Amino acid sequence: MSKSLKQKSKKFMSPNARHGYGKSDGGEKGLVICPECRAAYYKKRWRHNEAYFKGKETAPVNFMLCPADQMIKNRQYEGKVVVRNFPEDLEGEIINLIKNAANLAYEKDPMHRLISVGKVGKELIAFITENELAASIAKKIGNAYNKAKVKISFSAKPEGVALAVVEF
């Protein structure tokens, strides 16, 4: 996931609506497994642990991309973190902080993902599948570096895309 972003060759879009099974649907009978990440949807929730579903083998099983993998495939995001004017010697630390925060969130919920992080010009840009996770990552950077100022803005619904700018 640490591929460098190229300003013109990689373009991400904000989603107009999430497709697939999500929080607002009525739920699907049986079990749905994502073929990409192996997350499983059962009783209106995406989960990591397939061991949770042992003993439920009689439930019908379907395969489809989870909302996070569908967003990644469609080059969509719900959160964007932009780090500006950072000291060059802190670049690796900031990238590691972003990755670690995203990994902790992913362990709790398989829909919280870091899509990509990389340097574009003199900025670090991270694309994330969840808007609240983007805000959380920006706040963690601000807390880690006292000189950093954090500005977070959310677009109007239905997209709810977060733009978090951290400026040193």
From the option list Leu90, Leu97, Leu133, single residue qualifying as in contact with a strand residue (DSSP E or B) (Cβ under 8 Å, 6 or more places away or on another chain) and in contact (Cβ under 8 Å) with a residue 24 or more places away in the chain is Leu133
Note on the range 109-152: residues hydrophobic (A, V, I, L, M, F, W, C) and farther than 25 Å from Arg45 by Cα are Val117, Val120, Leu124, Ile125, Ala126, Ala138, Ile141, Ala144, Ala148, Val150, Ile152
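None of the figures in this text is laboratory data; all of them are computed from the coordinates on show. These numbers were taken from a predicted model, which means no experiment stands behind them. All Cβ positions, even for glycine, are placed from backbone atoms using ideal geometry, and neighbour counts span all protein chains on display.
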